[in-house]
Amino acid sequence: MIRGVIFDLDGVLVSTDELHFEAWKMLAVELGIDKFTREDNKKQKGVSRMESLEVVLSKGSKIYSQEMKEEFAERKNNYYKKLLEELDERAILPGVTECLRMLKSNGNLIGIGSVSKNAPLILEKTGLIKYIDKVSCGLDITRSKPDPEVFEVAANKLGLKYEDCLVVEDSLAGIVAGKAAHMKTLGVGSEYELLRADYEATGLDAEIDWKAILEA
Ligand code: B16
Ligand code: MG
């Protein structure tokens, strides 16, 4: 029986994955890297800021010091935060609000499991925070997905056993992390068929048999 649902944020509840791509693209251009594409961006889903930077740098040929890499990551985050200034409820993906309301009225606890350090800001700006019982994000963890830490922290904060939680994710790293935490997984998004989750859907606006998932 599922008692808590732990949602990834970027790409599941909000469309901020597009803004991440724009900000990384700006940095790539500045570094003279013109081969960074949307296909590369898929590898950045659910992984930490520094790991995402490595994906960008792997498309160029220069070697940089740790200090320079930290400056690049900070620069990208500043671009990203600038883009987040415009963020509001319009960034909430289709079906999300209805889904969160349904889970609340069903008595389920709702958590966030995001490796983003900007997760609290995004939840505030979109107004989604009012549906969320506990947030586990990049500020709470030392290891990013596919390590299960972010979901374990979420379940611990919710006071739930791991096996009583469902993880909703759009990235392979996130599904692997959810399984490693011994949680059930629902894969959503355009690549859901590649995620090998326990359940799958094109998005939270799709036909999902929540009764069967929650009572399994
Ligand atoms: P930040 P999620 C992840 O969020 C993104 O998918 C990933 O692309 C990003 O690198 C990571 O957050 C770190 O984000 O730079 O804001 O700390 O999908 O786990 O909600
Ligand atoms: Mg995601």
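In the stretch 37-47, the residue that is nearest to ligand 2 (Cβ to nearest atom) out of those that are surrounded by 13 or more Cβ atoms within 10 Å (Cβ to Cβ) and of a type in the set (S, T, N, Q) is Gln44. Entry remark, the stretch 104-131: residues being within 16 Å of ligand 2 (Cβ to nearest atom), buried (at least 17 other Cβ atoms within 10 Å of the Cβ) and in a loop (DSSP other than H, G, I, E, B) number 4 in total. Against the conditions (1) more than 15 Å from ligand 2 (Cβ to nearest atom); (2) more than 16 Å from the chain's Cα centre (by Cα), Val55 satisfies every one except (1). Among residues of the stretch 39-61 that are at pLDDT below 95, those with a Cβ under 6 angstrom from a residue that is not hydrophobic (A, V, I, L, M, F, W, C), sequence gap 6+ or separate chain, pair up as Gln44/Ser52; Lys45/Ser171; Gly46/Lys145; Gly46/Ser171; Gly46/Gly174; Val47/Ser144; Ser48/Ser144. The one condition from (1) at pLDDT 95 or above; (2) surrounded by fewer than 19 Cβ atoms within 10 Å (Cβ to Cβ); (3) of a type outside the set (Asp, Glu) that Met1 does not meet is (1). In the stretch 170-188, the residues that are farther than 15 Å from Ile213 by Cα and free of Cβ contacts under 8 Å to residues at least 40 places away in the same chain form Cβ pairs under 6 Å with partners that are away from ligand 1 (no atom under 14 Å from the Cβ) and of a type in the set (A, V, I, L, M), at six or more places apart or across chains, as follows: Ile175/Ala197. Filtered by the rule that a residue be over 21 Å from the mean Cα position of the chain (by Cα) and either within 15 Å of ligand 1 (Cβ to nearest atom) or at pLDDT below 95 (or both), the stretch 64-74 gives Lys69, Glu70, Glu71, Phe72. When the residues of the stretch 15-36 are filtered to those that are more than 13 Å from ligand 2 (Cβ to nearest atom), part of a loop (DSSP other than H, G, I, E, B) and in contact (Cβ under 8 Å) with a residue 12 or more places away in the chain, which remaining residue is farthest from the chain's Cα centre (by Cα)? It comes out as Gly32.
Looking across the stretch 133-171, the residues that are closer than 22 Å to Glu85 by Cβ and buried (at least 19 other Cβ atoms within 10 Å of the Cβ) come down to Val135, Cys137.
Search the stretch 48-82 for residues being of a type in the set (Phe, Trp, Tyr) and within 17 Å of Leu19 (Cα to Cα), and hand back the single one that is surrounded by the fewest Cβ atoms within 10 Å (Cβ to Cβ). Within the stretch 48-82, the match that is surrounded by the fewest Cβ atoms within 10 Å (Cβ to Cβ) is Tyr79.
The values are calculated or read from the model by the stated rules, or taken from the named source; none is laboratory data. Since we're looking at a predicted model, the values are computed, not measured. So basically every Cβ, Gly included, is an ideal-geometry build from the backbone, and we count neighbours across all protein chains shown.
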